[in-house]
């Protein structure tokens, strides 16, 4: 078993190189977002409808839990009125973008694999090539950039729902005055918080779109291979979102 490890590392390395090449080809085709703008909008509509209920439910749940945690701890130090500030900063900087990224990764990532993979297995992609159409530009670019463009509005909605859910718990469970909660929210937030919260979503969307489309585009082994690719995509995209969250947070702290 140990003897097989170098071979697996080598295989993973070459797979990473293929993914990198695929990513560069996709990013170079950004102008085709405007050529196939109808496809891009259609993909945004489909992904948004599928992910929106999950994103809002998750954001509300996390917002309520975080408010209970922060409110309980702050009350011990006589600082319960700072609950709104702490909840807003946590939601906007970390919780909103990350929860949205994970929900998109789980829902839309698997959809991209299934959609692109089915086209590959049924030779629709080969048919596009036969007619002189680049499948990267026609199929991949609209889907990847739909994922990128969709993340910002979804994250904004998740932030709003998370904070509103936190306000509801703060007022009705922790007995925090509603006016003080919102004053704490607006006085506590800074431009840096908004910048960090707005910086992360496009990167998450890009990762989810690229990984999902790549796994579908390179699928092999029929329906069994397609199922494995969908499972791996959900895992890889979720891990990628969490790692990117750390990298971007570290970068902003170092530079800002």
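The values are calculated or read from the model by the stated rules, or taken from the named source; none is laboratory data. Owing to the predicted nature of the structure, the values given are computational and were not obtained by experimental measurement. When we count neighbours, we look across all protein chains shown, and the Cβ atoms used for this are built from the backbone with ideal geometry, even at glycine.
Kindly check whether there is at least one residue in the range 117-128 that is under 26 Å from residue 53 (Cα atoms) and either within 17 Å of the chain's Cα centre (by Cα) or modelled with pLDDT of 90 or more (or both).
Within the range 117-128, not a single residue is under 26 Å from residue 53 (Cα atoms) and either within 17 Å of the chain's Cα centre (by Cα) or modelled with pLDDT of 90 or more (or both).
Go through the range 27-59 and report how many residues are farther than 21 Å from residue 156 by Cβ and surrounded by fewer than 15 Cβ atoms within 10 Å (Cβ to Cβ).
9
Hey, any hits in the range 159-179 for a residue that's in contact with a helix residue (DSSP H, G or I) (Cβ under 7 Å, 6 or more places away or on another chain), at pLDDT below 90, under 24 Å from residue 60 (Cβ atoms) and surrounded by 20 or more Cβ atoms within 10 Å (Cβ to Cβ)?
Yes: the range 159-179 contains one or more residues that are in contact with a helix residue (DSSP H, G or I) (Cβ under 7 Å, 6 or more places away or on another chain), at pLDDT below 90, under 24 Å from residue 60 (Cβ atoms) and surrounded by 20 or more Cβ atoms within 10 Å (Cβ to Cβ).
Is it the case, given these coordinates, that residue 185 is modelled with pLDDT of 90 or more, closer than 18 Å to residue 16 by Cβ, surrounded by 13 or more Cβ atoms within 10 Å (Cβ to Cβ) and out of contact with any strand residue (DSSP E or B) (no Cβ under 6 Å at 6 or more places or on another chain)?
Against the criterion (modelled with pLDDT of 90 or more, closer than 18 Å to residue 16 by Cβ, surrounded by 13 or more Cβ atoms within 10 Å (Cβ to Cβ) and out of contact with any strand residue (DSSP E or B) (no Cβ under 6 Å at 6 or more places or on another chain)), residue 185 does not qualify.
Which ones in the range 170-228 are closer than 22 Å to residue 247 by Cα and without any contact (Cβ under 8 Å) to a residue 12 or more places away in the chain?
Passing the criteria: 190, 191.
Which of (1) at pLDDT below 90; (2) in a helix (DSSP H, G or I); (3) buried (at least 21 other Cβ atoms within 10 Å of the Cβ) is the odd one out, the single condition residue 219 does not satisfy?
That leaves (2) as the condition not met.
Does the range 68-87 contain at least one residue that is touching a residue at least 60 places away in the same chain (Cβ under 8 Å), under 16 Å from residue 205 (Cβ atoms) and surrounded by fewer than 22 Cβ atoms within 10 Å (Cβ to Cβ)?
Scanning the range 68-87, I find no residue that is touching a residue at least 60 places away in the same chain (Cβ under 8 Å), under 16 Å from residue 205 (Cβ atoms) and surrounded by fewer than 22 Cβ atoms within 10 Å (Cβ to Cβ), so the answer is no.
Checking residue 224 against (1) assigned to a helix (DSSP H, G or I); (2) surrounded by 16 or more Cβ atoms within 10 Å (Cβ to Cβ), only one condition comes out false. Which one?
(2)
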